[in-house]
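Nothing in this text is a laboratory measurement; each read-out follows from the coordinates by a stated rule. A quick note: this is a predicted structure, and the numbers were derived from the prediction, not measured. Backbone-built Cβ (ideal geometry, glycine too); neighbour counts: all protein chains shown.
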Amino acid sequence: MISDKKIRAYALKNAIHYKGKANSGAVISALFHEGLEKGDVKKNIKKINSVVKEVNSLSLNEQKNEFEKLEREVSEREVREGLAELPDAEKGVIMRIAPSPSGSFHIGHALIFCLNLLYVQKYGGTFYVRIEDTNPNNIYKPAYKMLEEESKWLSKGKAKVVIQSERMNLYYKYVEKLIRKKVAYVCICSGDEFREFVKEKKNCPCRKLSVKENFERWKKMLKGYKVGEAVLRFKSSMKHKNPAMRDFPLARINMTKHPLQKNKYCVWPLMNLAVSVDDIEMKMTHIIRGKDHRDNAKRQEMIYKVLNKKFPWTAFLGKIHFKDLELSATKMREGIESGKYSGWDDPKLPTIASLRKQGYKPEAFWKFAEQVGLSESDKVMDKEEYFKLLNSFNR
């Protein structure tokens, strides 16, 4: 059972840190370190809100004086206030989030979006929202406009929106660089053949082609080869301990009509090529991404290395598993198309479009992201708990 003194001590501590104004959500988050169970939040929330209100009615000096008497109630274990510091950020940062155009941003996207944004606000710099649309098979055209509008709203106009499919010539230039450096080659082995090479840790015959032969094949990829007949690969090592790292693909042929580029291109960069090129060209300094991208980060670091570029400092976030909230863009879209939901802003959906319409402010998502911070630990959170925290921040 959390004592009243402990609640008041943490409310005072939080208020002093934020110039006299404590926040219930922050106090609850701190009390979890003191043994508050998530199941007990509901029966304690009124008391916590009442204490926070009382504390906020005091002057900053009164809060400091009272906290001196209650400081021993605060655990010696450090409870983070504000954002953790980033290394080498004193001169400013360049950061990004890279959503695919599959639907509206949801609360999971908002967490990573806001963490990146907050660090750009903290240190100064540039924040990019880079729409990754180089897979023509997985694009929902209305998402372009939604993501742009939601980015402007959530960042209060600070985000710069970039669309990858408008940068195709840049990716092609980098392909030529990689071929010239003899670190990329065009492979015409079948998928089954190459998987066997991977399994046996053997080089495929295409790996020994000359630069001239690779350029001839590359031109044929752009006009000549059919779907599935050729793949551009990165020459890593076929003996790498992780099979997923062995000569991974960089680009493929895809004849699907693109929503924006139509049939202008038939060779599309895969994520690791496009992301590496964009991060280099945009001079990315720090990256915050989900820990499910660890292998991709290693692949991208390989590309950076052969191009003699310094890889950005990278943090990996654990995933928040929302027990009773649907975050799949595909399932939400299916629900909208079937009439289950009225649209992306349906109040039953955990999308930014919905929550914005319901009256939530960008700052509520910023404060939630700040409380979660840079943690690699996975978390489980139910709908009730999430919205209690979000509501406490939405002031």
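Some notes on this structure:
- Karplus-derived HN-Hα couplings along segment 355-368 (A = 6.51, B = -1.76, C = 1.60, θ = phi - 60°), whole Hz, x at Gly and Pro: 5, 5, 5, 7, x, 6, 9, x, 4, 4, 6, 4, 5, 4
- Distance between segment 5-50 and segment 232-272 - C-alpha centres, whole angstrom: 49 Å
- Trypsin sites (Lys or Arg not before Pro) within segment 287-366: DSSP coil, no more than 13 neighbouring Cβ in 10 Å: K310, K323, K340, K348
- Taken one residue at a time, the phi angles of segment 242-254 give Karplus couplings (6.51, -1.76, 1.60, θ = phi - 60°) of 9, x, 5, 8, 6, 6, 5, x, 10, 7, 9, 8, 8 Hz. Gly and Pro are set to x.
- Remark on A159: its backbone amide H falls under 5 Å from none of the residues 5 or more positions apart or on other chains, H modelled at 1.01 Å from N.
- Taking segment 169-272 and dividing mean pair separation by its residue count, relative contact order in percent (alpha carbons under 8 Å, at least six apart): 25 percent
- Among the trypsin sites (Lys or Arg not before Pro) in segment 25-97, those placed in a DSSP loop whose Cβ has at most 13 other Cβ atoms within 10 Å are R77, K91.
- Length gained on full extension, L327 to I45, computed as 0.36 nm times the residue gap minus the Cα-Cα distance: 98.8 nm.
- For segment 39-177, the square roots a ≥ b ≥ c of the C-alpha gyration tensor eigenvalues yield an a/c of 1.5 or more together with a/b exceeding b/c, which makes the shape prolate.
- Here's how it looks for A251: its modeled amide H is under 5 Å from those of L232, L270, which are all 5 or more places away or on a different chain.
- Segment D378-E193, extension gain: residue separation times 0.36 nm, minus the distance between their alpha carbons: 62.8 nm
- Separation of the E216 and L170 label points, Cα + 7 Å toward Cβ, nm: 3.3 nm
- Cleavage-rule hits (GluC sites (Glu not before Pro)) in segment 10-67: DSSP loop, at most 16 neighbouring Cβ within 10 angstrom: E37
- Rounded if a/c under 1.5, otherwise prolate or oblate - the chain, Cα gyration tensor axes: prolate
- Per-residue ellipticity at 222 nm, computed for the chain from helices alone with -39500 (n - 2.57) per DSSP H run of at least four residues, works out to -14000 deg cm²/dmol.
- In units of the compact-protein estimate 2.2 N^0.38 Å, segment 169-272 shows a Cα radius of gyration of 1.06.
- Dipole magnitude for segment 313-389: about 160 debye, using +1 per Lys or Arg Cβ and -1 per Asp or Glu Cβ, origin at the Cα centre.
- Taking amide hydrogens as placed 1.01 Å from N in the peptide plane, the amide H of F322 sits under 5 Å from those of M381, each at least 5 positions away in sequence or on another chain.
- Over 25 Å (Cα to Cα) - which of K291/K367; K47/K152; K6/K122 fall in this group: K47/K152; K6/K122
- Here each label is just a point 7 Å from Cα along the line to Cβ, and for K208 and Y18 those points are 6.6 nm apart.
- Part-to-part distance (alpha-carbon centres) for segment 178-200 and segment 320-367, which is given in Å: 42 Å
- Pairs exceeding 21 Å between alpha-carbon atoms, taken from K91/K156; K283/K379; K220/K264; K219/K310; K340/K361: K91/K156; K283/K379; K219/K310; K340/K361.
- Given K13/K53; K141/K173; K5/K69; K19/K69, the pairs whose alpha carbons are separated by over 21 Å: K141/K173
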